[in-house]
Amino acid sequence: MRSDVELAEEILRRADALAACSEEANRITRVAYSPAMRLANDLVAGWMREAGLSVREDAAGNLLGRYDARQPGAKTLLIGSHLDSVRDAGRYDGPLGVLVAIACVQKLHDAGERLPFAIEVAGFCDEEGVRFQTTYLGSRALAGTLTAADLAQVDAQGVSIAEAMRGFGANPEHLDLARREARELIGYVEVHIEQGPVLDRMALPVGVVTGIVGQTRATLTFTGRAGHAGTTPPGFRQDALAGAAHLILLVETLMLREPGLLATVGQIEIQPGASNVIPGVARLTVDLRHADNTVREHFMELLAAGARHTARQRRLEVKHEIVQSTASVNCAPEFISLLQQAAQAHVPQVVELPSGAGHDAAALAALTPVGMLFVRCKDGISHHPDESVQAEDVAVALGVLSDFLRLVK
């Protein structure tokens, strides 16, 4: 049998191979239901089969590999992460958790061993929310919280989620078939890069996650009046971009005021978008995160009120739309405890830390207990091509997850 270090090196090679499944040359971009996602699912499905998993895609397009229990009728433990990416991404955010999960099953398969429960490795189809601006499509479908109304959301080309699913080979008309029943599950556990600097600064390969912050995504659209840049005097202007700029500064001001609040304007779209035309429409996104749901909701209300005030002052109209809202969640105490026990044999110190990033575990917490293990990433860099992990750290994560599986009852 191969050692954990050998399997970890294979995991990194597979992450390199997955990086080639991209919509853009020379950088990683893999959004939901794209041809690049189809290549990724097909590639990972082959690795699942090599590990002894039976493979299928559910009605939402999630890739699922099952390793049966010793006896039929046993409950199932879900492990995995997502296979989609942000634009110009690193190669470990998401795929690392799927590949570590497959390697754990590979170890069992090579030893001819079955556990008292079944394992399903999940490669979720859309965690990042890049294409439709709504996160956790895959895990929400599995949890039963993705609705028919959600499927009407469209991408920048006007393609709805439902249409994209059909083109991918999924089945939005029977989304209920993707939903799992809580009574069938033990829980869900996810291995993920930390996406922050704590473990790197502490020189520790892994850490146990205690919870995931809440997140709200919103779009705000300011509408004024386009006009000639050279002939429209200041007092006659209804500059939508100027209104949006005021709101962007407000986002930063509110973030600096409240400890623990993270607020980001990540996208802005201007119409008509010419250098010699006053912008008539400015649309921007706001990403708001905080561990306390009440605080997060309060500050989103403050931003909406600020947008309305700005619009009145500048003779603009403003539309505020909540695209997605996910409550903060706590990891299950029993999973935290078992991951701590499993980690003790592999690290000199077991550290607990919260996650400021969103994860599929946040969506699945509505269905079943969840747990997470973080893996150190160099300098805490993520959502960037410089995202980096070491084979030795991945080997530790593989060892911890394998030991965790033997502790689960």
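Each value in this text was obtained by applying a stated rule to the coordinates, not by laboratory testing. From a predicted model like this one, the values you see are computed outputs, not experimental measurements. All Cβ positions, even for glycine, are placed from backbone atoms using ideal geometry, and neighbour counts span all protein chains on display.
Below are the figures for this structure:
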item	result
Most to least packed among 138-147, 313-322 [average Cβ atoms within 10 Å]	138-147, 313-322
Gyration tensor verdict on the range 79-144 (Cα atoms; rounded if a/c is under 1.5, prolate if a/b is larger than b/c, oblate otherwise)	oblate
Rounded D (µm²/s) - the range 186-267, Kirkwood Rh over Cα pairs, Stokes-Einstein at 25 °C, 0.890 mPa s	141
Pairwise label distance in nanometres, GLU181 with ALA345, each label 7 Å out on the Cα-Cβ vector	3.5
Residues with amide H under 5 Å from that of THR210, placed H, sequence gap 5 or more	LEU353, SER355
Vicinal HN-Hα couplings computed from phi for the range 312-319 (Karplus, 6.51 cos²θ - 1.76 cosθ + 1.60; Hz; Gly/Pro x)	5, 4, 9, 6, 10, 9, 9, 10
Percent of Cα pairs exceeding the 35 Å cut-off, where the set is the chain	29
Cα-based shape type of the range 1-147, given that a ≥ b ≥ c are square roots of the gyration tensor eigenvalues and the cut on a/c is 1.5	oblate
Rounded tilt (10° steps) of 95-110 against the dominant C-alpha axis of the chain	10
Theoretical gain in end-to-end length, GLU269 to ARG166 [0.36 nm per residue, Cα-Cα removed]	34.3 nm
With Cα atoms, 0 to 90° folded angle of helix 391-407 axis to the chain main axis	70
Computed Rg/Rh of the range 257-302, alpha carbon atoms with Kirkwood Rh	1.19
Rounded to 10°, Cα long-axis angle of helix 4-19 versus longest principal axis of the chain	30
Radius, Kirkwood style, for the range 215-326 when every pair of distinct Cα atoms is counted (Å)	14.4
Whole-Hz couplings from phi, Karplus 6.51/-1.76/1.60, listed for the range 53-69; x for Gly and Pro	8, 8, 10, 8, 10, 7, 5, 8, x, 6, 8, 10, x, 10, 10, 5, 7
For GLY187, distant residues with modelled amide H under 5 Å away	LEU78
The range 72-132 versus the range 253-310: alpha-carbon centroid distance in Å	34
Under-5 Å amide H pairs with ASP88, H placed in peptide plane, nonlocal only	ILE28, THR29
Relative exposure of SER402, SER85, judged by other C-beta atoms within 10 Å (fewest first)	SER402, SER85
Overall form of the range 1-78 per C-alpha gyration tensor (a/c, 1.5; a/b vs b/c)	oblate
The range 236-242 - phi-based ³J(HN,Hα) in whole Hz, Karplus 6.51/-1.76/1.60, Gly and Pro as x	9, 7, 10, 7, 5, 5, 4
Debye intensity ratio in log₁₀ form over the Cα atoms of the range 68-192, taken at each q of 0.13, 0.16, 0.20 Å⁻¹	-0.61, -0.87, -1.17
Modelled FRET efficiency - R0 22 Å, ASP379 with GLU258, Cβ distances, 0.05 increments	0.25
Size of the range 138-181 as Cα extents on the principal axes (Å, biggest first)	35, 18, 15
Bridge type composition, the chain - antiparallel percent by DSSP, nearest 5	70
Contact order relative to length of the range 215-326, as percent, for alpha carbon pairs under 8 angstrom and 6 or more apart	45
Ranked packing of 109-115, 189-195, most packed first, by mean Cβ within 10 Å	189-195, 109-115
Relative packing of peptides 257-263, 351-357 - highest average C-beta neighbours within 10 Å first	351-357, 257-263
Per-residue [θ]222 nm for the chain (sum of -39500 (n - 2.57) over DSSP H runs n ≥ 4, rounded to 500)	-11000 deg cm²/dmol
